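The values are calculated or read from the model by the stated rules, or taken from the named source; none is laboratory data. These numbers come from a predicted model, not from an experiment. Cβ placement follows ideal geometry from the backbone for every residue including glycine, while neighbour counts extend to all protein chains displayed. Please note that ligands, DNA and RNA were not included when accessible areas were found on the heavy atoms of the full protein model with its side chains. Shrake-Rupley method; radii C 1.70, N 1.55, O 1.52, S 1.80 Å.
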Amino acid sequence: MPDAPTTKGRATRARIVEGAAEVLREQGVAFTTLDDIRGRTGTSKSQLFHYFPDGKDELLLAVAQFEADRVLTDQQPHLGRLDSWESWQRWRDVVVERYELQGDQCPLGSLFLQVGRSRPGARAIVAELMRQWQEQLARGMRALQANGLVSPVLDVDRTAAALLAGVQGGVAIMMSTGDSTHLRAALDTGIEHLRATAGEPTARRA
C-alpha cells in the first residue's frame, strides 16, 4: 500500500473504508460486492486493489477495524468522563441506546463471520477493542475512587472486566431475542455494585 504514508493516500484509503462500511451496513456483508463499494466510493478497480491488494477480505478487515473504533467513539464523551454517578448513568443510557438502535444486526459481528473470527487479524481487532474498552471503564472506576465515591480497595481491573463481560453478554442476548432487558440489567447491576462498595470498610477486599 505505497500511498498510505502520504496524506492523500491515507485520506483515500479512509474514504474507501468509510464508504464500504456504509454499504455493508445497508446491504449486509453477504450481499455486498466490490462493485457496490466501488460505486459508492467512486474508485476504480485498480485503485481499490492498490489499497487492498488481497481484495475483499483485506477490505473487510479494514472495515472491521473501523467498526471496532466506532464502538468506542459512539460512547464518547461519556466513556472518557466516568468520574461521577451522573456520568456513569449517561454512559449507561448511551450504551443502551446504541445497541437498541443497532437491533439484531451487528456490523462488526457480521464482518468477523465473513472473514473468519479465528484469523489473526480479526482476533487482534477484537482483543484491542476489548482491551481499550475495559481500560476506560477501569479508569472511570479509579476516578470514582479518587473522588471518594467507591471503596479504595475495590479491585478495579477485575470489576471492569466483569462489567464488560456483562455488557457483551447482554448484547449477545439482545441480538438473539430483540430484547434489551439483559443488557439493561447487566449495566444497572454493575453500577449498583460500584455504588454499594462506597460504604465498605477500607480493609475489606472487593
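Spread over its residues, the convex hull of the C-alpha atoms of the chain is 132 Å³ per residue. Gain on full extension, evaluated as 0.36 nm per residue between residue 74 and residue 189 minus their Cα-Cα distance, stands at 39.2 nm. Under a model in which nothing but the beta-carbon of Lys, Arg (+1) and Asp, Glu (-1) is charged, the chain shows a dipole of about 480 debye around its Cα centre. For the chain, the solvent-accessible area of protein heavy atoms averages 53 Å² per residue (probe radius 1.4 Å; ligands and nucleic acids excluded).
Can you order the peptides 30-43, 151-164 by their average number of other Cβ atoms within 10 Å per residue, highest first?
Sorting 30-43, 151-164 by mean packing, highest first, produces 151-164, 30-43.
Pair-distance distribution of region 86-135: all C-alpha pairs, bin width 5 Å, starting at 0; shares per bin in whole percent are 4, 17, 17, 20, 21, 12, 6, 2.
From a point 7 Å beyond the Cα of residue 198 in the direction of its Cβ, which residues of region 73-114 have a backbone N at a distance under 16 Å? Residues passing the 16 Å test: 82-90. Grouping the Cα pair distances of region 58-101 into 10 Å bins from zero gives a pair-distance distribution of 28, 41, 23, 7, 1 percent in increasing distance order. Taking the Cα atoms only, what angle lies between the long axis of helix 120-146 and the longest principal axis of the chain, rounded to 10 degrees? Computed tilt is about 30 degrees. Mean projected area of the Cα convex hull of region 1-121, taken over all directions, amounts to 8.9 nm². Taking the Cβ-Cβ separation of residue 6 and residue 47 as r and a Förster radius of 22 Å, what is the calculated FRET efficiency to the nearest 0.05? Given R0 = 22 Å and the Cβ-Cβ separation, E is 0.95. Only protein atoms count toward the accessible area here, which uses a 1.4 Å probe; on the chain, the carbon and sulfur part of that area reaches 51 percent.
Note on residue 131 and residue 100: the extension gain reaches 8.8 nm, defined as 0.36 nm multiplied by sequence separation minus the Cα-Cα distance.
Along its principal axes, region 115-200 has C-alpha extents of 47, 30, 14 angstrom, given from the largest down.
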